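Read through the structure below, which is laid out as C-alpha cells, and then see the notes.
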Amino acid sequence: MAEVYDNIAEQFKKFHSMLLIQYVITYTYFHLLGDVTEKSILDLACGEEFYTRLLKQNGAARLVGVDISLEMIKLARQEEEKEPKGIEYIIADVAEIGFIDNFDLVVASFVLNYASTKEQLLKMCQTIYANLKPGSRFVTLNNNLELLPDFYHKNEKYGFAKSCASSLQEGIPLTITLIFSSDSEKVSFDNYYLSKATYEWALRSVGFKDIRWHHPVVSPEGVQKYGEDFWQDAIDYPFALGITCLK
Ligand SMILES: C[S@@+](CC[C@H](N)C(=O)[O-])C[C@H]1O[C@@H](n2cnc3c(N)ncnc32)[C@H](O)[C@@H]1O
C-alpha cells in the first residue's frame with residue numbers, strides 16, 4: 001500500500017479540489033465532525049495533510065497525523081515547514097501502530113476501505129479504539145460499500161470511476177480511478193470490498209457503540225454554483241458515506 005501512494009502522492013494533491021470532494025464530501029465530513037475547537041485529534045491515514053491542517057485551522061488544540069506512505073508524509077511535513085502549525089506526523093501502518101495517546105477525536109478518512117480481510121479491518125479498528133478517550137467519537141469517510149456495480153458509472157461525471165472484476169464478495173479489489181477535470185490526468189488505485197455487516201462487526205467487536213452511517217449532503221455553495229440537478233446522482237448513488245461511532 002505504501003508504494004501505491006508513494007507513486008501518486010504529488011498527483012493526489014488535486015483530490016481535494018475535485019468538485020465532488022469540495023462541495024459534497026468535505027462539506028459532509030466537517031458537518032459530521034462538528035466543533036473541533038480545543039480538541040486533541042488523531043488523523044489516521046492523513047495523506048498529504050489537507051484535512052489535518054484544516055482541522056488545526058478550525059481550532060483543534062493538537063493534531064497527530066499518521067500515514068503509511070513516506071511520500072505522503074513528506075508532502076505533509078513540507079507544508080508544516082512552510083507554515084508551521086505544530087502538527088506531528090508519524091509514518092506507520094494504522095493496523096499495526098497501536099496506542100499513541102488518548103485523543104478527544106479520532107478521524108481516518110478513506111482508510112478502512114484498504115482492509116482486504118476482516119482481520120485487517122479489526123486491527124485498524126483496534127488502533128482507532130485504543131487511541132480514544134472514553135465517551136469520544138470516531139468519525140470517518142469510506143467508500144460506499146452498498147453501491148451496486150451497476151451504478152458505479154453514476155459518479156463518472158464527477159471524475160470518480162469505480163470498477164470490479166467480479167460480483168461483490170468479501171475481499172475483492174475495487175479499482176478507483178480519479179479523473180482530474182483540469183487536464184484529464186488520471187490516477188488509479190485499489191480499495192477492497194468488505195460488507196457493511198463486516199464493518200459493523202469489526203467496530204462492535206472492539207467496543208464501539210452507536211455506529212451510524214451517513215449519506216452525503218451538498219453544501220449550499222455547491223447548490224448555488226452548479227444547481228441541484230447537477231448533484232442528483234451524487235445524492236442518489238453516493239460514492240462515499242460517513243461513519244460515526246462512540247467509545
Ligand atoms: C485516499 S487517501 C486519503 C487521505 C486522507 N485521509 C484524505 O481523506 O484526504 C488514502 C491514504 O491512506 C493511506 N493508507 C492506506 N492504507 C494505510 C494503512 N494501513 N496505514 C496507514 N495509512 C494507510 C495512504 O497512504 C493514503 O495516504
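The values are calculated or read from the model by the stated rules, or taken from the named source; none is laboratory data. From a predicted model like this one, the values you see are computed outputs, not experimental measurements. Note that we place each Cβ from the backbone using ideal geometry, even for glycine, and neighbour counts take in every protein chain shown. What goes into the accessible areas is simple: the full protein's heavy atoms, side chains included, and nothing from ligands, DNA or RNA. Shrake-Rupley method; radii C 1.70, N 1.55, O 1.52, S 1.80 Å.
Dividing the Cα radius of gyration of segment 121-247 by 2.2 N^0.38 Å, with N the residue count, gives 1.18.
Taken about its Cα centre, segment 1-52 carries a charge dipole of about 220 debye when Lys and Arg each add +1 at the Cβ and Asp and Glu each add -1 at the Cβ. Each label point was placed 7 Å from the Cα along the Cα-to-Cβ direction; for Met1 and Glu38 their separation is 3.4 nm. What is the distance in Å between the Cα centroid of segment 3-24 and that of segment 178-199? Between the Cα centre of segment 3-24 and that of segment 178-199, the gap is 10 Å. Taking the 1.4 Å solvent-accessible surface of the chain as the whole, the part contributed by carbon and sulfur is 50%. Ordered from longest to shortest, the equivalent ellipsoid semi-axes for segment 1-120 are 20, 18, 16 Å, each the square root of 5 times a Cα gyration tensor eigenvalue.
Solvent exposure of Arg212, expressed as accessible area, is near 120 Å², computed with a probe of 1.4 Å over the protein chains only. Once the convex hull of all Cα atoms in segment 131-174 is built, its volume per residue stands at 130 Å³. Basic side chains Lys and Arg get +1 at the Cβ, acidic Asp and Glu get -1 at the Cβ, and with that the dipole of the chain about its Cα centre reaches some 580 debye.
Computed over segment 62-173, the range of Cα coordinates on each principal axis works out to 45, 34, 24 Å, biggest value leading.
Taking the inverse of the mean reciprocal distance over all distinct Cα pairs, the Kirkwood hydrodynamic radius of the chain comes to 18.3 Å.
Computed from label points 7 Å out along Cα-Cβ, the spacing between Phe151 and Phe30 is 2.8 nm. Between the residues Ser109, Gly207, Pro149, the greatest Cα displacement towards the positive end of the dipole of the chain, with unit charges on the Cβ of Lys, Arg, Asp and Glu, is found for Gly207.
Each peptide in 88-94, 127-133 gets a packing score, the mean of other Cβ atoms within 10 Å over its residues, and the list from highest to lowest is 127-133, 88-94. Dimensions of segment 171-236 along the principal axes, based on C-alpha atoms and rounded to the nearest Å, stand at 43, 29, 16, largest first. In the P(r) worked out for segment 37-76, what percent of Cα pairs fall beyond 14 Å? In whole percent, the long-distance tail amounts to 38.
For segment 140-155, putting each phi into the Karplus relation 6.51 cos²θ - 1.76 cosθ + 1.60 with θ = phi - 60° gives couplings of 9, 10, 8, 3, 6, 6, 8, 6, 7, x, 4, 10, 4, 5, 5, 9 Hz, in residue order, rounded to whole numbers and with x for Gly and Pro. If R₀ is 35 angstrom, what is the calculated FRET efficiency for the pair Ala61 and Lys186, using the beta carbon separation as r and rounding to 0.05? The calculated FRET efficiency here is 0.35. Between Tyr237 and Thr177, residue separation times 0.36 nm minus the direct Cα-Cα distance comes to 19.9 nm.
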